[in-house]
Amino acid sequence: MNKTFYLKMAAMNLRKNSRTYGPYFLTCIGTMAVFYIVSSIALNEGIRQLRGGDYVYGILTIGSGIVGLFSVIFLFYANSFLMKQRKRELALYNMLGMEKRHIARILGYESLLVFAGSFVLGTGGGILLSRLFFLLLLRINGIETPLEFSVSVESIRSSFLLFLMIFVCILLNNLRQIHIANPMELLQSSRAGEKEPKTRWVLALAGLVLTASGYWIAIRTENVLQAVNNLFVAVLLVMAGTYALFVAGTVAFLKALKKRPSYYYKARHFTTVSGLIYRMKQNAVGLANICILSTAVLLTISTTVSLYFGNEDTIRSRYPYDVTLNFHGIAEESTRDEISGVMQEAAAQAGVQVTRREYQNWLALAAVREGDELVTGDQAGEERNLQNISQIYVMTREEYHRLTGADTPEVDAGKVMVYTADGDLPERINLYGTEYQVEKALSESPAEGESSRSEELTKTYYVVLSDAGEMEVIDRNEQAFLGREESFISLSVGMDLTGSEEQKAQAASFMEAAAKEKSFGGLSFYYMESRQENRQDMLAMNGSFFFLGIVLGAVFLMATVLIIYYKQISEGYEDKKRYEIMEKVGMSQKEVRQSIRSQTVKVFFLPLGMAVLHIAAAFPLMRRVLQVMSLDNWRLFLVCTGGTVLVFAVIYFAVYSLTARTYYRIVR
């Protein structure tokens, strides 16, 4: 036999099955191109040299890993659709005298042709498009410095090895299926699932419980520090629940409708319900995948878009002042006046003025709530619940009065006054060996700027002492416990400035230099934060998340489109004979078309409806996650989420309309 026979036959099979292999081939090209684009930008040497470049590198490196992992899962899943449609064809080859090793050779050549074509076109397309995406990333991140663009040999090599491994594993899995099945089983495999499915109430109930549990976690999570951990738990629960509900819950619901004679025995309901029962058995997993991918698209894009367009809100939340100087120690009024004068002189050197200044002088501690007692690390037990970890700010009575304007009476030794947002106060507080009784609850919060935001991140207590000497004792005890010689007492000086962004940045550097040179009443300079200097870091981080959201959203959307397309094709072939029978038993073509439309609309829009429900339930939890990232503009997040859902629904409907044409052509 001619050595090129199997190669020619493989090429002929790909052309003959272009309806199924075409979208798969395009998807392989797309995933390879995306993987190359993300990894090549991450490996660009110039990126890491820029301010904020480490954020870009880290986020895109993670993104390339996500794209690679998703490619493995998705291409395996897409291949299962291909094999389902081709098993009858392969069985006929076997029955006509072709041995399984010959079939294996054909499949091997087919895989080689698809891989070679995908790699050449995908990598080539990635190289051509990577410059465009590279410029897009620079534009998103506000980077005006021209960077050298180059072709990444390492990314080409990584792409080749990754997708070669994927195609080899897919081929081995296909050969395994062919080897263990006999020709008759292969011929009948495409007709599997013709018997009416059984009602699995336990699995349906489990799906309902799992989904409800995920929703409950998402809605009830109030501790911002726990939001990220709870997000993963909620996602896993909802994913498992979604699969169970589609596999068993939909069948149970449809069978319940079937048991209602007043509803079921009507012409427009009879064929629809009966057909949907079979459809859900055969397509439940695929529909669940569409639902989960749709949810992933919506979550990824809505959150990253919110971060990007809320970047200025994030910056002002994280850096409430143009310049913030931090010192160690307790500052007298005269010391604050001295700091003010020196900083005003430094600002004048840059041609700006200080328009506002705020001082916060306190000792920040971490503590654990244990029943009616609040204790620091030296007293806390070994097992510490993250929900019980609290933030304490210890300050003098004079400082509290200066920050709030509220009059506070003196308290006896061993007693304190406390403010907390929810009013839930402990009876006792032990601060590194010094125990206090809570004498009075305060009604005014002294928080401002970053300290105010900390109230949202974790439970925060403001403890007011009558004597500054007590605060110094607590500070020394903490230093001894942690083995640190420098004071933990912090004086934060926040200042807003006039002038341009460049002038403010220059003034910040002058202020930092002046703070390092002078000793203000024994205070030691700690560090400085400048809104202008940190703006690029924040923009680089949020911009990179936005860029990655666009890329991953496109990948997830591509997967969703392919699954919808394959489901339309597979259902078309499965329904063709069924509707021929319906016409033979007396249904008109109009009634058949109405039945087809009713079933397909319900089947393919059920995942979208479920995805929107998942997004609605996830909204409170995602809001908490965004708060961790310093974005607390929930109205912006709501608008971005609503806009994303609307745009995705339009795309989903367009994809359904286009793929439905293929379905109708097959059925008719």
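Just to verify a number: FRET efficiency for Met12 and Arg484, C-beta to C-beta distance, R0 = 45 Å, to 0.05?
Details: r = 75 Å, r/R0 = 1.68.
After rounding to 0.05, the efficiency reads 0.05.
Could you sort out which of Lys198/Lys255; Lys16/Lys602; Lys567/Lys602; Lys84/Lys198; Lys255/Lys602 sit more than 21 Å apart by Cα distance in this structure?
Values: Lys198/Lys255 9 Å; Lys16/Lys602 32 Å; Lys567/Lys602 14 Å; Lys84/Lys198 23 Å; Lys255/Lys602 16 Å.
Over 21 Å Cα-Cα: Lys16/Lys602; Lys84/Lys198.
Compute the Cα gyration tensor for region 308-358, then decide on rounded, prolate or oblate, letting a ≥ b ≥ c be the square roots of its eigenvalues: rounded whenever a/c is under 1.5, prolate when a/b is larger than b/c in the other cases, and oblate in all that remain. Each step should come with its number before you reach the end.
On the way: a/c = 3.36, a/b = 1.62, b/c = 2.08.
Cα axes put region 308-358 in the oblate bin.
May I ask you to derive the FRET efficiency for Tyr526 and Phe76 from their Cβ-Cβ distance with R0 = 45 Å, giving the value to the nearest 0.05?
Working: r = 53 Å, r/R0 = 1.18.
About 0.25, to the nearest 0.05.
What's the carbon and sulfur percent of region 414-547's accessible surface, probe 1.4 angstrom, rounded to a whole number?
Details: 2530 of 5680 Å².
So the carbon and sulfur contribution to the accessible surface is 45 percent.
Using label points projected 7 Å from each Cα along Cα→Cβ, tell me how many nm separate Val639 and Thr434, to one decimal.
4.9 nm
Residues of region 478-523: accessible area per residue at 1.4 Å, in Å²? Walk me through the numbers on the way to the answer.
Values: 2290 Å² over 46 residues.
Each residue of region 478-523 exposes 50 Å² on average to a 1.4 Å probe.
Find how much the distance from His328 to Met165 grows on full extension, using 0.36 nm per residue of separation minus their present alpha carbon separation; answer in nm with one decimal. If you can, show how the numbers build up before the last one.
Working: separation 163, 0.36 × 163 = 58.68 nm, distance 5.66 nm.
The span from His328 to Met165 would gain 53.0 nm if fully extended.
Could I have the simple spin-label model distance between Ala441 and Arg176, label points 7 Å from Cα toward Cβ, reported in nm to one decimal?
Here the answer is 6.2 nm between the modelled labels.
Assuming R0 = 35 Å, can you tell me the calculated FRET efficiency for the pair Lys518 and Val647, based on Cβ-Cβ distance, to the nearest 0.05?
Working: r = 56 Å, r/R0 = 1.59.
Here the calculated transfer efficiency is 0.05.
Using label points projected 7 Å from each Cα along Cα→Cβ, tell me how many nm separate Asp422 and Thr61, to one decimal.
In this crude spin-label approximation the distance works out to 3.8 nm.
How large is the accessible surface per residue of region 282-433, computed with a 1.4 Å probe and reported in Å² as a whole number? It would help to have the intermediate numbers written out before the result.
Details: 6140 Å² over 152 residues.
Normalised by residue count, the accessible surface of region 282-433 is 40 Å².
Want the number for Lys198 to Arg19: 0.36 nm per residue separation, take away the alpha-carbon distance, what's left?
Roughly 61.1 nm would be gained on extension.
The values are calculated or read from the model by the stated rules, or taken from the named source; none is laboratory data. This is a predicted model, so every value here is computed, not measured. Neighbour counts run over all protein chains shown; Cβ positions are idealised from the backbone, glycine included. Heads up: the accessible areas ignore ligands, DNA and RNA and are worked out on the full protein's heavy atoms, side chains in. Shrake-Rupley method; radii C 1.70, N 1.55, O 1.52, S 1.80 Å.
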